[in-house]
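The values are calculated or read from the model by the stated rules, or taken from the named source; none is laboratory data. This structure is a prediction, so every number in the text was calculated from the model and none was measured. Cβ placement follows ideal geometry from the backbone for every residue including glycine, while neighbour counts extend to all protein chains displayed.
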Amino acid sequence: MGIPQPPGDARSPQQQQQWDQAEASLLEGLYQMAVDGRTETSECSRLASDVYRRLEAAYSDEPPASPEPSPAA
């Protein structure tokens with residue numbers, strides 16, 4: 001399981017394996033929290049946001065948007 005990379009991915013096989021392990025760990029943690037019913041925790045929100053950002057970046061046709069600056073008070 002890992003996020004698909006565009007053609008020409010310059011990562012070494014070792015980097016790809018580390019990435020896959022990190023992705024699997026994130027998804028496993030999120031899944032276990034859902035199974036345990038701990039979906040309202042800040043840790044679950046953080047994991048869900050991280051997984052969402054990674055999926056969005058992997059499958060988006062556009063580059064990830066930078067955060068919009070907050071209006072000056």
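Among the residues of the stretch 8-33, those identified as part of a helix (DSSP H, G or I), among the aliphatic types (A, V, I, L, M) and either modelled with pLDDT under 90 or exposed (fewer than 12 other Cβ atoms within 10 Å of the Cβ) (or both) are A22, A24, L26, L27, L30. Suppose the filter is aliphatic (A, V, I, L, M), under 16 Å from the mean Cα position of the chain (by Cα), surrounded by fewer than 10 Cβ atoms within 10 Å (Cβ to Cβ) and modelled with pLDDT under 90; does A57 pass it? Answer is no for this residue.
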